[in-house]
Structures are given as C-alpha cells and as structure tokens.
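First the structure, in the form of structure tokens, and then the observations on it.
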Amino acid sequence: MQITDIRETAIPLNSNLRNAVFDFSQMTTSIVAVITDVIRDGKPVVGYAFNSTGRYACGAQMRSRFIPRIIDADPDSLIDEARDNFNPEAILAAMMQGEKPGGHSDRSVGIGTIEVAVWDAIAKIEEKPAYQAIADRYNPGGAKPDMFVYVGGGWYAPGKGIPELLDEMRGYLDMGYTQLKMKVGGAPISEDIERLEAVLNLVGNDGWNLAVDANCGLTPDEARAYAGALAPYKLRWYEEPTDPLDYALMTELAETYEPPLATGENLFSQQDMRNLITFGGMRPNHDVLQIDPPQSYGVVAVARTIEMLHGTGWAVGSSVMPHGGNQMSLHIAAGLGMLLCESYPNTFGMFSGFADDAEIIDGYLKLDPDRPGIGFESQADLYEVMSELSSN
C-alpha cells in the first residue's frame with residue numbers, strides 16, 4: 001500500500017463578490033489529488049481536496065516541501081497496520097519534518113489540504129463516507145450524519161441594493177435553509193442596519209435565525225459601534241468583528257456585547273485556538289469557535305484541537321463549527337459532531353455547496369451513508385477538474 005503521486009493545480013474562483021475586507025476577483029485555490037496503488041472498483045483510489053476559499057493557492061509550498069516528504073518517506077512508515085490503511089497522523093508528521101515551530105500560516109494550508117485529500121482516500125479504501133471514517137477514529141458513536149446547515153450570504157456586489165439582497169436571501173429560504181448569515185462592515189453602519197432590518201423582517205424578526213459577519217474588517221471603534229448597534233437584535237452571532245489576533249478587543253466586546261460572538265476561521269493551529277479561548281474573552285458554550293480544517297493542518301490537527309477544547313470546558317456539539325461551506329467541512333463537522341455546518345450555495349462556482357443531489361429540509365442535510373469518501377464525485381463540475389488532474 002503506497003501513495004504513488006500527489007498533484008496540485010491552481011484554479012481561479014472568478015467571483016465578483018466582496019465582503020468588508022476584499023473581493024474575490026483575484027482569488028485562487030489549490031486542488032490536490034493523492035494517488036494510491038490501492039484498487040477499488042478496478043481503479044486506483046485517489047483522494048481529493050481543495051484549500052477552501054479565502055486563502056490563495058499554495059502549490060509552491062506543497063511541491064517544494066510537503067509532497068516530496070511524503071513521497072520520499074518509507075511507505076511502511078505511513079501505514080496503519082491495525083486498520084490496513086494509510087495513517088493520517090504519520091502522514092501529517094512526515095509533512096512537518098524540518099519545519100520550525102511557529103509560523104503556522106506558512107504551511108498549515110498546504111499541509112491541511114493534502115491531509116484532507118488523504119482522508120478522502122482513507123474513506124474510499126474503507127468504502128465508507130468520510131464522516132464515518134473520521135468518527136471511527138476520533139468520535140466513536142458520535143457522528144451527526146443529519147447535519148444542520150446555515151447559509152452564508154448577504155454579500156456586497158456592484159449594483160446590489162436591498163431589493164436584490166432580499167431576493168438573494170429569499171432564495172436561500174426557498175432552498176430549505178432556516179438560518180441565514182449576512183455581511184456587514186462593507187457599507188456605512190446606518191446602511192448596514194437598514195439591510196439587517198430588511199432581512200430580519202424576511203425571517204420573521206427572529207434574531208436567532210440571522211447572524212452577521214464583519215470578516216475582520218472593522219477598526220476597533222467600528223467594532224464597538226457595531227456591537228452597540230447590533231446588540232438589541234439578539235442575533236445568532238456577531239462574527240469576526242476585529243483582527244483575529246486582537247484578543248484584547250475580543251475580550252472587551254465579550255464583556256459588553258451579551259449575544260454570542262464568533263471567530264476563529266483565520267487561525268491556523270491548536271495553539272492559536274488555545275490563545276483565543278485563554279486571552280480572547282470567549283465564553284464557553286455561549287460564543288462560537290470556527291475552524292477551517294484544510295487551512296488548519298487538516299482533520300488530525302482539528303481532532304486534537306477539539307480534544308483540547310473538551311479539556312477546557314467547551315462542548316463541541318454546541319460551540320464549534322467549521323468554516324468553508326463545502327463537502328469537506330460537511331463531512332468533518334458530521335464526523336467530529338460539531339454544532340452545525342456552513343453552506344455557500346451558488347457563491348464560489350464549482351467550489352460551492354455540497355453534492356449536486358443534496359437536499360436541505362428544514363435546515364438539515366442528510367449525508368449519504370453509501371457514498372464513499374468526501375463525495376466530490378457527486379459534484380459534477382468540480383469532479384471533472386479533479387479527475388483531469390489525477391488522470392494526466
């Protein structure tokens with residue numbers, strides 16, 4: 001049993017959407033194919049992943065450091081003999097060889113993307129959905145294949161006013177979603193509050209069904225002003241009001257803003273998350289911690305982070321969710337028993353959303369127990385690109 005090749009290519013998102021910080025017009029992502037010599041259904045098993053959205057393609061680091069370390073390793077050292085499968089912890093350790101402590105963002109995205117592709121291969125070898133393979137190792141009996149999903153929307157775009165915003169949000173409700181999220185911070189606060197109230201009217205003035213996301217784009221004074229303006233609406237959460245490492249301001253906001261806060265998707269390691277809950281004022285089982293697995297060293301590292309959180313009083317099933325809104329985050333959330341999962345339908349082209357036949361019913365998505373791996377094969381446009389990468 002051996003990984004015979006690992007390939008990467010960069011793909012543009014081609015999106016004109018923007019949040020409070022930047023637009024996605026120049027954004028790229030890395031697609032990875034991990035090719036093995038294991039045969040299923042007459043073909044070699046191939047694991048796929050991409051590095052989520054919001055971070056640029058990182059193929060240079062993969063090709064110069066992480067891929068060679070796996071390919072050059074003793075194949076037997078990367079095998080879990082008890083399971084007759086690849087050992088993701090050993091593969092992660094191989095990629096980390098020669099890496100200096102700290103500087104996580106220099107490597108966590110590249111390593112995490114390859115590691116998630118390895119999990120796709122592991123699950124296919126076991127002929128299980130990825131969520132079950134993950135749960136078997138890190139959350140026995142705790143998988144959540146009926147996953148609550150909320151939709152991230154409310155984007156800014158050229159010529160988009162409140163009527164267009166409401167059309168967007170109404171479309172999500174028609175798809176079966178019951179909880180929405182919208183962007184703030186990319187317009188004057190008075191305009192954002194007007195946008196917010198319009199969407200609240202759409203969801204029945206129930207703040208618990210609406211979250212807002214500032215994408216770390218506010219100045220400290222703006223973050224405080226938004227906290228004051230948003231507090232009366234008692235929203236599901238107020239996300240990333242400030243720089244992800246500004247723990248002092250997060251602590252201040254947690255002391256003055258009573259409804260839930262959310263942050264964490266722009267952190268890259270277990271130590272980053274430990275610092276957030278230690279110094280950032282985050283309130284256990286009230287606020288929401290967000291993790292992007294392919295950008296945070298992958299599934300093994302996230303499972304270790306969750307173990308750390310359990311030890312500090314955080315209930316993962318009520319406080320932790322993945323960033324990403326894709327098949328990868330869906331399976332990882334379900335396997336590790338997270339609170340809920342994000343969704344981005346029709347937002348980032350072929351990287352958006354879930355399986356082509358996925359159906360949202362009253363906010364829940366039921367994962368297919370008979371579809372091995374992460375399930376990219378069920379996303380026709382994305383799988384066409386992925387399969388081309390592995391077949392060349």
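Computed from the coordinates by the stated procedures, all read-outs in this text should not be read as laboratory data. None of these values were measured; they are calculated from a predicted model. Using ideal geometry, Cβ is built from the backbone for each residue, glycine included, and neighbour counts are taken over all protein chains shown.
Would you list Arg170, Arg137 from fewest to most Cβ contacts within 10 Å?
Ordered by Cβ neighbours within 10 Å, fewest first: Arg170, Arg137.
Return the long-range amide H neighbours of Leu289 (sequence gap of 5 or more, or a different chain), with a cut-off of under 5 Å between placed amide H atoms.
Val320, Met321
What is the fewest-to-most order of Asp246, Asp120 by other Cβ atoms lying within 10 Å of their Cβ?
Asp246, Asp120
To test your reading of the geometry: what angle, between 0 and 90 degrees and rounded to tens, separates the Cα axis of helix 299-311 from the longest principal axis of the chain?
Tilt of helix 299-311: around 50 degrees.
Please report, in debye to the nearest 20, how large the charge dipole of the stretch 180-276 is about its Cα centre when each Lys and Arg carries +1 at its beta carbon and each Asp and Glu carries -1 there.
About 280 debye.
Which one is right for this structure if P(r) over Cα pairs in 20 Å bins from 0, in percent is calculated from it: [x] 29, 59, 12, 0; [y] 31, 60, 8; [z] 24, 48, 22, 6, 0?
[x]
Picking from Thr28, Gly313, Leu367, whose Cα lies most toward the positive end of the charge dipole for the chain (charges on Cβ: Lys, Arg +1; Asp, Glu -1)?
Gly313
Where is the GNM fluctuation largest for the chain (alpha-carbon springs, 10 angstrom cutoff): Pro369, Pro294, Pro163?
Pro163
What percent does the relative contact order of the chain come to when contacts are Cα pairs within less than 8 Å and at least six residues apart?
Relative contact order here is 20 percent.
How far is helix 162-175 tilted off the main Cα axis of the chain, in degrees rounded to 10, range 0 to 90?
Approximately 50 degrees, to the nearest ten.
Would you order Thr36, Thr28 from fewest to most other beta-carbon atoms within 10 Å of each residue's own beta-carbon?
Thr28, Thr36
Just to be sure I follow the definition: excluding the sites themselves, where is the longest run in the chain that has none of the chymotrypsin sites (Phe, Trp or Tyr not before Pro) in a DSSP loop with at most 15 other Cβ atoms within 10 Å?
Result for the longest clean stretch: 57-392.
Restricting attention to the stretch 56-150, which GluC sites (Glu not before Pro) occupy a DSSP loop and are surrounded by at most 14 other Cβ atoms within 10 Å?
Glu81, Glu127
List the lysines whose alpha-carbon lies under 23 Å from that of Lys160, not counting same-chain residues fewer than 8 positions away?
Result set, ordered by chain and number: Lys181, Lys183.
Could you state the angle between the C-alpha long axis of helix 108-126 and the longest principal axis of the C-alpha atoms of the chain, as a value from 0 to 90 degrees rounded to the nearest 10?
The answer is roughly 60 degrees.
Run the numbers on the stretch 221-368 and let me know its relative contact order in percent, using alpha-carbon pairs under 8 Å that are six or more apart. Before the final figure, lay out each step's value.
On the way: 221 pairs, mean separation 23.3, N = 148.
That works out to 16 percent.
Given the rule -39500 (n - 2.57) for each run of at least 4 DSSP H residues, summed and divided by the residues of the chain, what is its mean residue ellipticity at 222 nm, to the nearest 500 deg cm²/dmol?
The helix-only estimate for the chain comes to -10500 deg cm²/dmol at 222 nm.
Would you work out the charge dipole size for the stretch 138-375 about its Cα centre, treating the Cβ of every Lys and Arg as +1 and the Cβ of every Asp and Glu as -1, and quote it to the nearest 20 debye?
Values: 14 positive and 32 negative charges, 101 e Å.
The calculated dipole for the stretch 138-375 is roughly 480 debye.
Calculate the length of the line joining the C-alpha centroid of the stretch 335-376 to that of the stretch 257-310, in whole Å.
Answer, in whole Å: 22.
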